[in-house]
């Protein structure tokens, strides 16, 4: 397992070691000791989630706040997405910056997202199955986020269709500036 810190503080890319032969491929998508050693802290994942999205579906930018803030370990098990993170931690040296990368069933890459970052993705393939571990349980009262097309963040989502498919709830999310009022 290769673990590399991204340009956002405390956010890591995880690339598994592949074992490939005539039967196919085997990999460890998560191994607690190696993971925690690589990121330099303990994380107790308590919930796994899976979403399936069609091409052009944009989910985000989401986070939970307060006592239910979540760190996440995300990966794509089928298809391809453009994954986007925004650092919303005011005391972070990368506050207000975003990072993006393609996650796919071909590159088998995962990304660790610490608490305090907003997260979203857009589906680039016909369909994508997205899987993520969370270190806190879902709590609807703690849901929050930033509108995906915030003018100050200037995120190029590389959406494969003219207009992304976004939920009504996500369209109503605040801007970056409104989030901090």
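Any read-out appearing in this document is the output of simple, stated calculations on the displayed coordinates, not a laboratory observation. In this text, all values refer to a predicted model and were calculated from it rather than measured experimentally. Neighbour counts are summed over all protein chains in view; Cβ atoms, including those assigned to glycine, are modelled from backbone coordinates with ideal geometry.
The range 1-40 and the range 101-167 have their alpha-carbon centroids 20 Å apart. Nearest 500 deg cm²/dmol is fine: what mean residue ellipticity at 222 nm does the chain get from its DSSP H runs of n ≥ 4 alone, each adding -39,500 (n - 2.57), divided by its residue count? Only helices count here, giving -2000 deg cm²/dmol. In this label model, residue 97 and residue 181 are separated by 2.8 nm, measuring between points 7 Å along each Cα→Cβ vector.
With the highest mean first, a sort of the peptides 76-86, 145-155 on other beta-carbon atoms found within 10 angstrom per residue produces 76-86, 145-155. Let me make sure I get this right: for the range 131-181, a, b and c are the square roots of the gyration tensor eigenvalues over alpha carbons, sorted descending. Under 1.5 in a/c it's rounded, otherwise prolate if a/b > b/c, else oblate. Which is it? It is oblate, given that a/c is not under 1.5 and a/b is not larger than b/c. Counting 0.36 nm for each residue step from residue 44 to residue 138 and taking away their Cα separation leaves a gain of 32.4 nm.
For the chain, the gyration tensor built on C-alpha atoms gives an oblate shape. Its axis ratio a/c (a ≥ b ≥ c) is at least 1.5, and a/b is not larger than b/c.
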